[in-house]
Amino acid sequence: MKRRVVITGTGIYSCIGKNLDEVRESLYEGKSGIGVDAERKNYGFRSLLTGIVERPSLKGMLDRRARISLSEQGEYAYVATLEALKNAQIDPDYLDKNETGIFYGNDSSAKAVIEANDTVAAKKDTMLLGSEAIFRSMNSTVTMNLSTIFKLRGVNMTISAACASGSHAIGLGYIFIRDGLQDIVLCGGAQETNAYSMGSFDALSAFSVRMDEPEKASRPFDASRDGLVPSGGAASLILEEYEHAVQRGAPILAEVAGYGFSSNGANLSQPSDAGSVIAIMRALNDAGLTVKDIDYINAHATSTPQGDAFEAIAIDRVFGSCRTPVSSTKSMTGHECWMAGASEIIYSLIMMQHSFVAPNKNFEQPDEYSAKLNIVSQRLDKKIDVFLSNSFGFGGTNNALVIKKINNK
């Protein structure tokens, strides 16, 4: 018999808030975290837009050895995980005595790699890198550091799946707990925000150049959208088997009801409405729910012309008869890349807990595809019992997660 999987703690560090309270306020007020990074001009960027994420100060929180081994995204993930563990009522003594796993989404560690290369190129001596360079530069930098810092002894894997990395991490955590392989897993996603990490995206002309109005640059589903705005931070969730959570008296926030996935198997960068539909339907079937059960859809929509169009087609194919409310929180956060699939579960959980739908900001004029959707352009007060969150990525990886309010029956 499949076991139930619940969420018992969340933590967030993003451009719209450094903790859950700040993020809730930003979502409710429709506050953007997007600005201009002037340093990108010297680096040769076409677009200077980005989500503004302040680096946390960890001195006094971690010893020097732990600090210097953390990449930028690892710092964000550490802070987010502290909040998630606290909210799940998990302390160091519990982690020391119980097996806890980790699945975390991360698909690059550009800054550490480039800085190490620059050092060697300038000094002609690899010995000057220091042992910590390898721990910052590997794709698994987040999981290797967090598992060591928090003494996690269960499954330990980094999920590298482009912009669906964070959501696939949650999906795999769900499967491991559902099938009895783990009782509790830390899941999430992290994304560095430095210019090094975003240069190749800028080279694709993927970014908006609406630099005179940064807060209006990210325009998911709007006809005048001209590209995405990069962003980052980290989001952490504690997933737990239901009876295990009840036994230890943990706060239960919601239940992971369904996980859907697919691969387009066609084009490296072009999305697919067919692949998206497969992932969405698989998630609904896994949850044992129908389209009429979904109260809100957090769209992947990144503000790119093609991506938003294909997702709108997919949503209309599945939910067209229901007029289900849809919004993309990327209109406020920008595209948080490897983190986005995890952070958008937290954003939607906040909406569920406080009975509102955050606005799809800057949605002023629909195109032929988004005109068919019920896109929420202004905050909507609404009870949410079940929501769907979409995440798609380069290489044709697709993810859909269904989350519902806890039913103790």
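The values are calculated or read from the model by the stated rules, or taken from the named source; none is laboratory data. Just so it is clear, the model here is predicted, and its values are computed rather than measured. Here the Cβ is made from the backbone with ideal geometry for all residues, glycine too, and neighbour counts use every protein chain on show.
Name the single residue that is farthest from Ser231 (Cα to Cα) among those in region 1-48 being among the hydrophobic types (A, V, I, L, M, F, W, C) and in contact with a Pro (Cβ under 6 Å, 6 or more places away or on another chain). The residue in question is Val36. For region 364-409, a residue qualifies if it is over 19 Å from Val277 (Cβ atoms) and assigned to a strand (DSSP E or B), and the qualifying residues are Pro366, Leu380, Asp381, Ile403, Lys404.
Per the conditions (1) over 19 Å from Arg24 (Cα atoms); (2) in contact with a strand residue (DSSP E or B) (Cβ under 6 Å, 6 or more places away or on another chain); (3) buried (at least 24 other Cβ atoms within 10 Å of the Cβ), the sole criterion not satisfied by Gly396 is (3).
Going by the structure shown, is Lys123 on the phi > 0 side of the Ramachandran plot and either without any contact (Cβ under 8 Å) to a residue 12 or more places away in the chain or touching a Leu at 6+ places or on another chain (Cβ under 9 Å) (or both)? When the stated conditions are applied, Lys123 does not pass them.
Considered as a group, the residues in region 329-363 that are more than 19 Å from the chain's Cα centre (by Cα) and either among the basic types (Lys, Arg) or assigned to a loop (DSSP other than H, G, I, E, B) (or both) include one that is nearest to Glu213 (Cα to Cα), and that residue is Asn362.
One line per residue, one yes/no per condition, for (1) in contact (Cβ under 8 Å) with a residue 12 or more places away in the chain; (2) of a type in the set (S, T, N, Q); (3) under 29 Å from Asp183 (Cα atoms):
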site	(1), (2), (3)
Gly30	yes, no, no
Ile34	yes, no, no
Ser47	yes, yes, no
Gly51	yes, no, no
Arg55	yes, no, no
Glu72	yes, no, no
Val79	yes, no, yes
Ile90	yes, no, yes
Ser108	yes, yes, yes
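Applying the criterion of being within 30 Å of Gly51 (Cα to Cα) and of a type in the set (Ser, Thr, Tyr) to the residues of region 232-284, the residue that is surrounded by the most Cβ atoms within 10 Å (Cβ to Cβ) is Ser236. Contact map, region 388-409: first residue among the aromatic types (Phe, Trp, Tyr), second residue crowded, with 24+ Cβ neighbours inside 10 Å and modelled with pLDDT under 95, Cβ cut-off under 6 Å, separation 6 or more or different chains; pairs are Phe392/Pro271.
Of the helices (runs of 4 or more DSSP H) lying entirely inside region 47-154, those containing at least 3 residues that are buried (at least 22 other Cβ atoms within 10 Å of the Cβ) and under 19 Å from the mean Cα position of the chain (by Cα) span 72-87, 141-149.
Within region 335-354, one or more residues are over 30 Å from Pro251 (Cβ atoms), at pLDDT 95 or above, touching a Ser or Thr at 6+ places or on another chain (Cβ under 8 Å) and crowded, with 24+ Cβ neighbours inside 10 Å. Here Arg219 meets the list (1) in contact with a strand residue (DSSP E or B) (Cβ under 8 Å, 6 or more places away or on another chain); (2) surrounded by 24 or more Cβ atoms within 10 Å (Cβ to Cβ) almost entirely, failing just condition (1). Once region 285-308 is narrowed to residues that are over 20 Å from the mean Cα position of the chain (by Cα) and buried (at least 19 other Cβ atoms within 10 Å of the Cβ), the residue that is farthest from Phe261 (Cα to Cα) is Asp295. Considering only residues in region 6-25 that are of a type outside the set (Ser, Thr, Tyr), in a strand (DSSP E or B) and in contact with a strand residue (DSSP E or B) (Cβ under 8 Å, 6 or more places away or on another chain), the one that is nearest to Asp37 (Cα to Cα) turns out to be Ile12. Just to be sure, is Arg4 at pLDDT 95 or above, of a type in the set (D, E, K, R), surrounded by fewer than 24 Cβ atoms within 10 Å (Cβ to Cβ) and closer than 28 Å to Ala217 by Cβ? The answer is no for Arg4.
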